[in-house]
Amino acid sequence: MIGQSELPVVAGEMRIWRQDLLDRVNTELVRAYRKHGVDQWGRHEFYAILLEEVEELWDAIKSDHSQERVEAELVQVVAMCLRYFETRDRYREPRRADAEQGE
């Protein structure tokens, strides 16, 4: 893991862009949880969902869509990765919230 002292200094404008990305990912994640629920996925399910999102991102890139469209697809990719990280694998790990309550 990279320590705080090893992280590059992020200029003010880059920090704003990063926060914008994180805000957009959070909004997408909340939308996805509301639409699809919070059930855990297995690794194969996660891979299939991630592959679909990456293919949509690739389609936007190769079709030369606007940067806004590419970024929207990128946000969905990041959100699905974060969702899997938060809920963990249904066959291997309890949800993070469930695991923390058991401590």
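FYI, it's all coordinate maths here, none of it is from the lab. Predicted, not measured: the structure shown is a model, and the values here were computed from it. Because the Cβ atoms are built from the backbone with ideal geometry, glycine has one as well, and the counts that use them run over all protein chains shown.
The order of Phe85, Phe46, going from fewest to most other C-beta atoms within 10 Å of their C-beta, is Phe85, Phe46. For Gln40, the amide hydrogen comes within under 5 Å of no other amide hydrogen, counting only partners 5 or more places away or on other chains and with H modelled in the peptide plane.
Between Asp23 and Ala72, the contour length at 0.36 nm per residue exceeds the alpha carbon distance by 16.4 nm.
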